[in-house]
Amino acid sequence: MVNVAQIATKVPVEPAPVVGRPTVRGKFLYVGMEKFWVRGVSYGTFYVDESGEERRSPEVVRRDFAQIAANGFNVVRVHTGPPRWLLDAALENGLRVMVGLNWGEHMAFLDEPSKVQAIEGRVRRWIRECAGHPAVFCYSIGNEIPAPIVRWHGTRRVEKFIERLYRAAKEEDPGALVTYVNYPSTEYLRLPFLDFVSFNVYLESQPRFEAYLARVHSLSDDRPVLLSEIGLDSLRNGEGKQAMMLDWQVRSALRVGCAGVIVFAWTDEWYHGKYPVDDWAFGLTTRERTPKPALEAVSRAFAESPFPPGQRWPRISVVVSSLNGAATIRDTLVGLERLDYPVYEVIVVNDGSTDATPQIAAQYPVRLITTENQGLSAARNIGIGAATGEIVAFIDDDAYPEIDWLRFLALALIDRDCVGVGGPNLPPADDSWTADAVANAPGGPNPVLIDDVIAEHIPGCNMAFRKEALEAIGGFDPRFRAAGDDVDVCWRLRDRGGIIGYAPAAVVWHHRRGSIRKFWKQQVGYGKAEALLERKWPARYSSIGQLSWLGRIYGRGVSSDFSSLSGRVYQGVWGTAPFQSLYQSRGSRWSLALAPEWYLLIALLAGTFALSLGWSAAVLAGAVLLVAGVIPIAQASIGACRANFVAGKQHRRGSLVALRIAVLGLHLMQPLARLTGRMRGGLVPWRRRGPKTRPHFRRTQMTYWRDQREAPEETLKTLQADLDGVGAIARSGGPFDSWDLEVRGGPLGGSRLLLAVEEHAPGKQLLRFRIVPTYAKSAVVLSAAFASMSVTAWWSSAWIAAAATAVISIFVVARALADTGFSGGILWERLTRFGATIDEESPSASPFWKRTGASKTPLRHPRSSEEGER
């Protein structure tokens, strides 16, 4: 055990040299090729004079910096613009400085234009003093603007002001990183221009602390997250508790993938302006620089994080499935070879490639398995069969991993009770101009998150599962030859009660399509995969073919509707909530315009407009058509304006305006490509799912006697499972519905079932079923609209238009009747097979012996009954 007093007094013989400035790569910071973990401590503020400058003694600063470096710290955070000599002192001790440019954030600074200019001038002056110095880690252009001040000025005005300071900082020192230090009370501020995200977080509960860090990762837009301030007052809580809490906070923050932590503060000596603060003690040392137990705890935690030396690491098998991936698989294999993980193997499944893929793979330390072309799922199943690890990770042949990819995947599986876990996939910085635009287009491989750590779906280019969980469900479904297999496997695992985790620090770099033609082909393929998924999971899709995710799609290129322009800030009564978040509704009325089927609606409206030419309805039809066409263009413009391009890419090829125009076009193109693939795969709005049956149009009541009691819920589950088994689309009613099951016959109609159970002695039940036909609102609206047009056209002597719209109206009515008849027939047939009969007379009118003579067994699947008879 190292003595605390010794730690505080030892001086490093050779300080680590400070060479090069940190840069951002995905979720992490790098200096050159080395990952840079921020192990920082806050320093000051000390006495501030009338000019707003801190009075620091060079001798004290140099002595403090020597001790800070001796205890394993590599970053010092100061809170006002430092003099040049302080940066020199940091450089001498191998330290970098997070330069805080705190300009009086507690003031209502936007009320006076002169004050705004003075703040910007002060920030520029501070940065000029430090510009170009190698010890500068980054600039913080503000710290915790209080929530009441933000509320006073308005969120958007504050965001614009912070961006103004960011631009000023970049002008004064272009090569430096720039951040703003936020806190939970203004979490809702949208600051996508910052180089990385910094948050001050004071939470003394470990579960809540880790949960909030996961939330900050979700807010970060795939940028690094720096925990810029943690601490505990030892005066009120005791030095032992301070040490214990800082120990687990440092370890937790780095374990969940934060780029670093800064502890508040080095010493108890702390001033609020000119006034010393004596009623708290957050320092790792006293005012006299005597070490507290927290100093040793923090030093040890930094030295052993993020990956503790005693951690048991499970063996992982990495499976790469490749079909003609010669253009990119070398990057994949080089990245896998450089992974920092103690026990792993790489299995490359060559799925019938006709290019140089197998020859390239043979040059690396991998297990190469060559097969005939069987499709992506089959190739992955071969990899699972060959895997010797207890965890099987998957990466695509057009992606390559970050060096600690496997460690963060493994930690997520170890720390949580998950069967699988995935992480973000980010576009590489050196990809083409077109790929940068595609990375900001919709339809990319984005995870779907239920909350900040639980996923509904993780993309196949970055996922890992426990091998036993994959084997329990039979691996991947071979019907998915090119896409959709990852969605299917996640749904099957979740249906078995498994949890899919999300690890924001488990990063892979994923090349996007490098041409518009390849992007179109990819999206058409995704549309075909969606059609396959709908055939297997019909209940998860709406009547028009839209998938209803439980969570939110996360990452770049996510389509935005008009509701995303605003949001409601949860502020608490009178703005008193300590955690204030931006909430936006899911599934707004505008989101339908993002669906591929919106293009079918535009085609329908275009046809209606064509029929209306030559008479007065043309004006109305043309206006409706115009609105329907403008809405997706407007929503695509929102996505283009919010696109986040790789820094500097627009300066090398094309302008920023050209990139945004390209993204706008891709936003409009993607739904059309997806629609093309869906329709080729049979996923059309007018589809029907279910067995062939005789139509049944009437409202019908059926009864069923049984002499063994069973809960109605079990009966309905059995019936729903039977309907699912024959391919019908059945869904159960919700808590506010007056029906129990609904069978979808088509887009314009269906049937609903209501069950009532009568209890009779001795131990018998009479089940009453009611089948009620239902018609979609769209059927009523469309038939009425076209009927009205027909009458209006006839009145205007537009005979061809009148006849055409009348035919369309009749067709809509006929199709709605056919849809309800189809669904009613399915319900009637399934109930009949179970033994239910049409209720032609009241049961009480028949003798009891006759009423009980039907069935004396619980309602069960007819196949089970037939097997029992055999």
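Sequence neighbours fewer than 8 away in the same chain don't count; with that in mind, list the aspartates and glutamates whose C-alpha is under 12 Å from K241.
E204, D233
Where both partners of a DSSP beta bridge lie in the chain, what percent of those bridges are antiparallel, to the nearest 5?
55
In nm, what is the difference between 0.36 nm times the number of residues separating A814 and R535 and their Cα-Cα distance? It would help to have the intermediate numbers written out before the result.
Working: separation 279, 0.36 × 279 = 100.44 nm, distance 2.51 nm.
Result: 97.9 nm gained on full extension.
Compute the label zone of N644 within the stretch 20-46: residues whose backbone N is under 19 Å from the point 7 Å along Cα-to-Cβ.
Under cut-off, by backbone N: 23-30.
Measure nothing fancy, just the Cα-based angle from helix 239-255's long axis to the longest principal axis of the chain, in degrees from 0 to 90, nearest 10.
60
Mind grabbing the accessible area of W828 for me, 1.4 Å probe, Å², rounded to tens?
My reading of the accessible area for W828 is about 90 Å².
Quick one: helix 376-386 against the long Cα principal axis of the chain, what's the angle to the nearest 10°, folded into 0 to 90?
60
Which of K717/K764; K692/K717; K35/K521 have a Cα-Cα distance over 25 Å?
K35/K521
Tell me, what does the Kirkwood hydrodynamic radius of the chain come to in angstroms if you use every pair of distinct C-alpha atoms? Working shown, then result.
Details: mean 1/r = 0.0320 Å⁻¹.
Over the chain, the inverse of the mean reciprocal pair distance is 31.2 Å.
Given labels modelled 7 Å from the Cα in the Cβ direction, how far is it in nm from L582 to L547?
2.6
How much FRET efficiency would the formula 1/(1 + (r/R0)^6) give for K777 and T837, where r is the Cβ-Cβ distance and R0 is 41 Å, rounded to 0.05?
Values: r = 33 Å, r/R0 = 0.81.
Rounded to the nearest 0.05, the efficiency is 0.75.
Return the FRET efficiency for the residue pair M107, S205: r is the Cβ-Cβ distance, R0 is 41 Å, and the value is rounded to the nearest 0.05.
Details: r = 33 Å, r/R0 = 0.80.
For R0 = 41 Å, the calculated efficiency reads 0.80.
How are the Cα pair distances of the stretch 441-520 distributed, in percent, across 5 Å bins from 0?
3, 12, 23, 24, 18, 11, 6, 2, 0
Determine, for each peptide in 450-456, 501-507, the mean count of other beta carbons within 10 angstrom over its residues, then list the peptides with the highest first. Show your work: numbers first, answer last.
Working: 450-456: 19.4, 501-507: 26.9.
Answer by packing, highest mean first, reads 501-507, 450-456.
Sketch the reach of a paramagnetic label on H272 as a point 7 Å from Cα along Cα-to-Cβ, and name the residues of the stretch 94-114 whose backbone nitrogen lies under 16 Å away.
104-107
Once amide H atoms are built 1.01 Å from N in the peptide plane, which residues 5 or more positions from V319, or in another chain, come under 5 Å H to H?
HN-HN under 5 Å from V319: I347, A393, F394, I395.
Could you give the nm distance between label points at D417 and D724, where each point is 7 Å from its Cα heading toward the beta carbon?
2.3
By how many nm would the segment from D355 to A803 grow when fully extended, if each residue of separation counts as 0.36 nm and the alpha-carbon distance is taken off?
On the way: separation 448, 0.36 × 448 = 161.28 nm, distance 5.84 nm.
Going from the current span to full extension adds 155.4 nm.
Which FRET efficiency, nearest 0.05, do E34 and D495 yield, Cβ-Cβ r, R0 45 Å? Kindly include the intermediate steps, with their values, before the conclusion.
On the way: r = 44 Å, r/R0 = 0.97.
After rounding, the FRET efficiency stands at 0.55.
Using helices alone, what [θ] at 222 nm do you get for the chain, with -39,500 (n - 2.57) per DSSP H run of 4 or more residues, divided over all residues and rounded to the nearest 500?
Values: 27 runs with 348 residues, N = 870.
After summing the helix terms and dividing by residue count, I get -12500 deg cm²/dmol.
So what's the angle, to the nearest 10 degrees on a 0 to 90 scale, between helix 617-641 and the longest Cα principal axis of the chain?
Relative to the chain, helix 617-641 is tipped by roughly 30 degrees.
If I model a spin label as a point 7 Å beyond the Cα along the Cα-Cβ vector, how far apart are those points for V791 and L235 in nm?
Between V791 and L235, the label points sit 8.2 nm apart.
In percent, what relative contact order does the chain have, based on Cα pairs under 8 Å that are 6 or more apart in sequence? Let's see the in-between values first.
Details: 1726 pairs, mean separation 75.0, N = 870.
Dividing the mean separation by the residue count of the chain yields 9 percent.
The values are calculated or read from the model by the stated rules, or taken from the named source; none is laboratory data. Because the structure is a prediction, the values reported are computed rather than measured. Backbone-built Cβ (ideal geometry, glycine too); neighbour counts: all protein chains shown. Surface areas here come from the heavy atoms of the whole protein model, side chains and all, with no ligands, DNA or RNA. Shrake-Rupley method; radii C 1.70, N 1.55, O 1.52, S 1.80 Å.
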